[in-house]
Amino acid sequence: MKIPYRNLSVSSEKHKQELLRAVSNVLSHGRIILGPEVSEFEKKAAKICGKKYGVGVGSGSDALYLALRALDIGRGDEVLTTPFSWIATYNAIALTGAEPVPVDITEDMNINPDEIEKNITPKTKAILVVHFTGRMCAMPEIMAVAQKYNLKVIEDAAQAFGGHDVYGKPAGSYGDLSCFSINPMKPFCAYGEAGLVVTDSLPLKERIERLRYNGMFNKELCNEPSINGRIDTIQAAMLLVNLNYYDKWINRRLEIHEIYKKNISELVILPTVKKEERHCFHAYNILVKTEDRDGLRKFLLENGIETKISHPVLMPDQEAYKALDSKKLPVARDIVKRVITLPNHEKMTNEQVYHLSDIIKEYYGVP
Ligand SMILES: *Cc1c(COP(=O)(O)O)cnc(C)c1O
């Protein structure tokens with residue numbers, strides 16, 4: 001039995017027909033650039049995130065870069081963030097000219113709110129939190145520190161669209177600006193690159209709209225340099241279709257988690273999900289002993305099971321950031337050596353989940 005890490009094909013004929021119809025409509029009306037589907041998507045998506053306004057952008061990377069720019073973050077500023085995320089988080093900060101400063105994480109793989117305060121300097125402008133793997137950070141604690149030091153908060157909710165915390169507050173609902181990637185690997189996905197920024201502030205929304213179009217006003221005047229970072233109308237049209245599906249997809253991932261829990265929770269450390277929170281499981285990151293990681297991955301692969309490591313190198317340890325002071329980060333440095341990302345997606349069958357669990361049992365010599 002082969003188990004791919006992900007399967008990006010659209011397997012339901014009904015779903016595929018809905019997507020094709022959405023694309024066909026756009027091709028017929030011809031408003032290919034910022035067409036009506038874009039604003040409809042922005043409104044609906046913002047509401048799900050608990051915010052007034054949404055701005056569709058070209059990718060999650062664009063969303064982060066433009067959000068930082070809209071908050072006037074740049075050269076000479078420091079932005080506190082996690083060391084453990086997809087590299088786009090660090091890159092977005094660095095591309096504004098600001099310096100990313102890593103704050104250690106806790107066992108849940110999210111930024112440790114108790115470590116934030118000691119990393120604040122007179123240069124600190126903002127906290128960029130990442131809801132890593134699709135589970136939300138401890139936002140009330142983080143918001144309290146931000147308020148105390150007058151820092152901006154940006155949520156990198158790229159992996160957490162549709163999730164909420166134990167207080168029922170949706171991913172994206174806390175930040176001054178909150179950013180989503182909607183690329184094909186994310187739980188809520190387009191069929192190409194796409195991203196979203198949400199906010200309650202009208203001036204920030206309007207600034208992001210200018211920044212996503214080369215800093216242009218009225219299509220004629222430019223008052224600040226920027227990139228072309230617009231979302232495609234065709235992607236927005238397909239995303240409107242997927243808004244009717246993503247809840248089901250997340251539910252399926254949560255179901256798969258329950259099966260893993262029954263079968264392998266004694267052998268490896270599985271992610272914990274509190275009853276009141278909604279974890280999106282963008283990545284199903286388990287922890288094993290450092291000395292077991294390579295052997296277990298190899299054994300799984302020999303049995304047809306693809307795994308990944310999300311992510312094998314801490315961002316501050318990447319070549320690109322070697323020149324910066326990377327700090328001690330004991331928890332992140334331990335976890336990065338122990339993590340394995342198992343397949344957990346809506347296209348997996350129960351048989352596949354049981355089979356994968358059996359192979360892990362076999363590895364550990366458990367009948
Ligand atoms: C995917 C991702 C991004 C970047 O999004 P793209 O759409 O690929 O540009 C940023 N941050 C996190 C946490 C991500 O998972």
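The values are calculated or read from the model by the stated rules, or taken from the named source; none is laboratory data. On a predicted model such as this, the values are computed, not experimentally measured, just so you know. Cβ coordinates were reconstructed from backbone atoms using ideal geometry, including for glycine residues, and neighbour counts include every protein chain displayed.
Observations, loosely collected:
- The condition (being under 30 Å from Val10 (Cβ atoms) and not acidic (Asp, Glu)) is satisfied by just one residue among Val339, Val313: Val339.
- Within region 110-167, if we keep just the residues that are acidic (Asp, Glu) and more than 19 Å from Ala46 (Cα to Cα), the residue that is farthest from the ligand (Cβ to nearest atom) turns out to be Glu117.
- For region 173-188, filtered to residues that are surrounded by fewer than 21 Cβ atoms within 10 Å (Cβ to Cβ) and touching a Ser or Thr at 6+ places or on another chain (Cβ under 9 Å), the residue that is nearest to Thr233 (Cα to Cα) is Asn183.
- Restricting Gln318, Gln235 to those that are crowded, with 18+ Cβ neighbours inside 10 Å and within 16 Å of the ligand (Cβ to nearest atom) reduces the list to Gln235.
- Take the conditions (1) closer than 27 Å to Ser11 by Cβ; (2) at pLDDT below 95; (3) surrounded by 16 or more Cβ atoms within 10 Å (Cβ to Cβ); Ser326 misses just one of them, which is (1).
- Among residues of region 58-68 being within 12 Å of the ligand (Cβ to nearest atom) and more than 14 Å from the chain's Cα centre (by Cα), the one that is surrounded by the fewest Cβ atoms within 10 Å (Cβ to Cβ) is Gly58.
- Residue within region 354-367 that is of a type in the set (Val, Ile, Thr), assigned to a loop (DSSP other than H, G, I, E, B) and without any contact (Cβ under 8 Å) to a residue 60 or more places away in the chain present: no
- The set of residues from region 69-97 being assigned to a loop (DSSP other than H, G, I, E, B) and away from the ligand (no atom under 16 Å from the Cβ) comprises Leu71, Asp72, Ile73, Gly74, Arg75, Gly76, Asp77, Gly97.
- Within region 174-192, residues that are on the phi > 0 side of the Ramachandran plot reach partners that are within 12 Å of the ligand (Cβ to nearest atom) and not charged (D, E, K, R) with beta carbons closer than 8 Å, at six or more positions or on different chains, in the pairs Gly192/Asn183; Gly192/Pro184; Gly192/Gln235.
- Scanning region 1-26 for residues that are farther than 20 Å from Ala283 by Cα and not hydrophobic (A, V, I, L, M, F, W, C) yields a count of 11.
- Residues in region 70-87 that are under 22 Å from Glu224 (Cβ atoms) and buried (at least 24 other Cβ atoms within 10 Å of the Cβ): 2 in all.
- In region 105-151, of all residues being without any contact (Cβ under 8 Å) to a residue 40 or more places away in the chain and of a type in the set (Gly, Ala, Ser), the one that is surrounded by the fewest Cβ atoms within 10 Å (Cβ to Cβ) corresponds to Ala144.
- Matching residues in region 168-189 - criterion: being within 16 Å of the ligand (Cβ to nearest atom), part of a loop (DSSP other than H, G, I, E, B) and of a type in the set (Gly, Ala, Ser): Ala171, Gly172, Gly175
- Any hit, region 190-207, residues being more than 12 Å from the ligand (Cβ to nearest atom), within 24 Å of Lys248 (Cβ to Cβ) and out of contact with any Ser or Thr (no Cβ under 7 Å at 6 or more places or on another chain): yes
- Failed item, numbered, when Val145 is tested on (1) within 24 Å of Lys337 (Cβ to Cβ); (2) of a type in the set (Val, Ile, Thr); (3) in a helix (DSSP H, G or I): (1)
- Hey, Arg253 of a type in the set (Lys, Arg), surrounded by 17 or more Cβ atoms within 10 Å (Cβ to Cβ) and out of contact with any His (no Cβ under 9 Å at 6 or more places or on another chain) or not: no
- Unique match (being buried (at least 24 other Cβ atoms within 10 Å of the Cβ), at negative phi and not in a strand (DSSP E or B)) among Ile208, Ile154: Ile208
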